[in-house]
Amino acid sequence: MCNMTFEETSGDNSSEKMESVSKALEEVLSAALPQGCITVGVYEAAKSLNADPDNVVLCLLATDEEEDVALQIHFTLIQAFCCENDINILRVSNMRRLAEILGGVKPGGEPMDLHCVLVTNPQSSQWKDPALSKVNRFCRDSRCLDQWVPVINLPDR
């Protein structure tokens, strides 16, 4: 149910809200990484979504400057799966910043495929994180405005 006031939808403080959500997203990623709650890569994400979609709390789709038709097809399928399974989705710009947050390199020195990143619940319990709640609320509010896959820019630090 969408109960947004005119002030919330008018965009007067939209840049502040976007900055707040991008900071919350950084907090979510930074907290999830040491807990082993991050899955990176289109294929790894697809396997994880297929195996246990109820464990996924957020899906990030990141793009760089190049247009890759195969990647766009994967994104479309992942988006459809996430929508069907009530998983919040965000498009993320600034892959370089995303790589900085997540370490950017696999243990073998190979660069990570950051086009798709999943955040999952820790196995021990349901994750109650205020930053995750803020990101989820932003996704829900965006859907109320018919923005099913909102775009967040991760600002350089």
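The values are calculated or read from the model by the stated rules, or taken from the named source; none is laboratory data. Please read all numbers here as calculations on a predicted model, not as lab measurements. FYI the Cβ positions are ideal-geometry reconstructions off the backbone, even for glycines, and counts take in every protein chain you see.
See the values below:
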{"item": "Qualifying residue in segment 30-39 (condition: assigned to a strand (DSSP E or B), surrounded by 12 or more Cβ atoms within 10 Å (Cβ to Cβ), touching a helix residue (DSSP H, G or I) at 6+ places or on another chain (Cβ under 8 Å) and not β-branched (Val, Ile, Thr))", "result": "no"}
{"item": "Filtered residues of segment 58-94 (kept if exposed (fewer than 13 other Cβ atoms within 10 Å of the Cβ) and in contact with a helix residue (DSSP H, G or I) (Cβ under 7 Å, 6 or more places away or on another chain))", "result": "ASN85"}
{"item": "Scan of segment 12-29 for residues that are surrounded by fewer than 16 Cβ atoms within 10 Å (Cβ to Cβ) and either within 19 Å of LEU154 (Cα to Cα) or at pLDDT 90 or above (or both), ordered by number", "result": "ASN13, SER14, SER15, GLU16, LYS17, GLU19, SER20, LYS23"}
{"item": "Hits in segment 40-57 (condition: within 12 Å of HIS115 (Cβ to Cβ) and surrounded by 12 or more Cβ atoms within 10 Å (Cβ to Cβ))", "result": "VAL40, GLY41, VAL42, GLU44, ALA45, ALA46"}
{"item": "Options ALA24, ALA80: the member that is of a type outside the set (S, T, N, Q) and within 13 Å of the chain's Cα centre (by Cα)", "result": "ALA24"}
